[in-house]
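Visitor: Following this message is one structure expressed as structure tokens.
What follows draws every value from the coordinates through simple rules; no lab data is involved. Please read all numbers here as calculations on a predicted model, not as lab measurements. Note that each Cβ is placed from the backbone with ideal geometry, even for glycine, and that neighbours are counted across all protein chains shown.
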């Protein structure tokens, strides 16, 4: 009887561990680029950038799997991500010491040409997000 309880207890722990692992894996990143290098400690993170790559020929429909590059003007640092299935992206940003005005966002995808990157600051508060929409046309 004792062996039965130990075996049952062991199976329960294994099942619980698997369920927890699956839950953590499924609840991962919802933003384009997933959870990875563009995530930082809240105290260190600079201004986040987010937006869409949009096809102007299709009334602004999002363009999936577009390469998005955030680069410091005149610097040598850049962050790269890709848009999700709806054309959305998010980049956590550089450190707090980087002025968001010096960060340039560009988008590229084979078969498309970037018309312009429309930029909008959501607030004048330090660290507030910057929205950037890459407006693109098919070539």
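Visitor: With r as the distance between the Cβ atoms of residue 45 and residue 85 and R0 = 25 Å, compute the FRET efficiency 1/(1 + (r/R0)^6) and round to 0.05. Let's see the in-between values first.
Guide: On the way: r = 26 Å, r/R0 = 1.02.
Between residue 85 and residue 45 the formula returns 0.45.
Visitor: Still on this structure, I have one more. Determine, from the Cβ-Cβ distance of residue 113 and residue 77 and an R0 of 22 Å, the FRET efficiency 1/(1 + (r/R0)^6), rounded to the nearest 0.05. Before the final figure, lay out each step's value.
Guide: Working: r = 26 Å, r/R0 = 1.17.
Efficiency for this residue pair is about 0.30.
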